[in-house]
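Enquirer: Dumping the structure here so I can ask a few things about it.
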Amino acid sequence: MNTRTEKSGTTDAGEALSIPGIAGLIRSFIAICTHIPNSLVAFVARFSIAAVFWKSGQTKIQGLSIDIVSGDFTLGWPRLSDSVVALFKEEYRLPLIAPEIAAPMAAFAEHLFPVMILLGLATRMSALALLGMTLTIQIFVYPDAYPTHGTWAAVLLYLMAHGPGRLSLDHWIARRYQLTTEAAAFVVTPGLLVNPGQPGIK
């Protein structure tokens, strides 16, 4: 009888001690997560979302193919693919914009803004442009693809809220411009409004 009581007491004590131990592990894990550099997160976000739109843009043109991951390079003068305008007439039907205009606009935007985001140049404005494209695709083209578009939107909103990080041209421009215009109250740099008295791009 006493043995059972002692075992039960030992088990209860062990369970009681395990709760603070688990809580400590959780706190330690959270502390480690808070030390993940914003610049690393921003760079991964920039590279990933740029790749999504760049690859989409590449399907709309001929004569130029660049894939830095696979090493596929075909340099030439880009032109619209023969089937793109027809695709915008039949599948990518957009209101108020003629397919002959929408097709080259989409191809141009899907090459320009991904390059700017990858370089970290005018990042917030470029992210806003791609967010507008994402919303357009979600509303008018593929409304059932909201899980994918929601992921894109989350990445783009993160870049708009937190900036491109230190590994970016925006950060370099902001630092250089601040050093030469310290008397100014605010400095406008591509993609960011910078206060010289505060850190500009995280």
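Enquirer: Run the 1.4 Å probe and let me know the accessible area of Thr151, rounded to the nearest 10 Å².
Expert: Answer for Thr151: close to 80 Å² accessible.
Enquirer: Among Tyr158, Tyr177, what's the order by accessible area (1.4 angstrom probe), most exposed first?
Expert: Greatest to least solvent exposure: Tyr177, Tyr158.
Enquirer: Calculate the radius of gyration of the Cα atoms of the stretch 49-166 to one decimal place, then report Dmax, the largest Cα-Cα distance, as a whole number, both in Å.
Expert: Spelled out, the Cα radius of gyration and Dmax of the stretch 49-166 are 14.5, 43 Å.
Enquirer: May I pose another question? Ratio of the stretch 17-74's C-alpha Rg to 2.2 N^0.38 Å, to two decimals?
Expert: Taking the Cα Rg and dividing by 2.2 N^0.38 Å, one obtains 2.00.
Enquirer: If you don't mind, there's one more thing I want to ask. Kindly sort His149, His35 by accessible area of their heavy atoms, largest first, with the probe set to 1.4 Å.
Expert: His35, His149
Enquirer: Here is a further query. Would you kindly find the accessible area of Ser39, with a 1.4 Å probe and non-protein molecules such as ligands, DNA and RNA excluded, rounding to the nearest 10 Å²?
Expert: For Ser39, the solvent-accessible surface is approximately 20 Å².
Enquirer: To continue, here is another question. Over the stretch 129-172, give the accessible area per residue in Å² for a 1.4 Å probe, as an integer.
Expert: Per residue, the stretch 129-172 has an accessible area of 54 Å².
Enquirer: Just by accessible area at a 1.4 angstrom probe, what is the order of Arg46, Arg175 from largest to smallest?
Expert: Solvent-accessible surface, decreasing: Arg175, Arg46.
Enquirer: Sticking with this one: Once Rh for the stretch 134-177 is found with the Kirkwood sum over Cα pairs, what is the Stokes-Einstein diffusion coefficient at 4 °C and 1.567 mPa s, in µm²/s?
Expert: 107
The values are calculated or read from the model by the stated rules, or taken from the named source; none is laboratory data. Remember, predicted model here, so these are calculated numbers, not experimental data. SASA here: full protein model, heavy atoms, side chains in, ligands and nucleic acids out. Shrake-Rupley method; radii C 1.70, N 1.55, O 1.52, S 1.80 Å.
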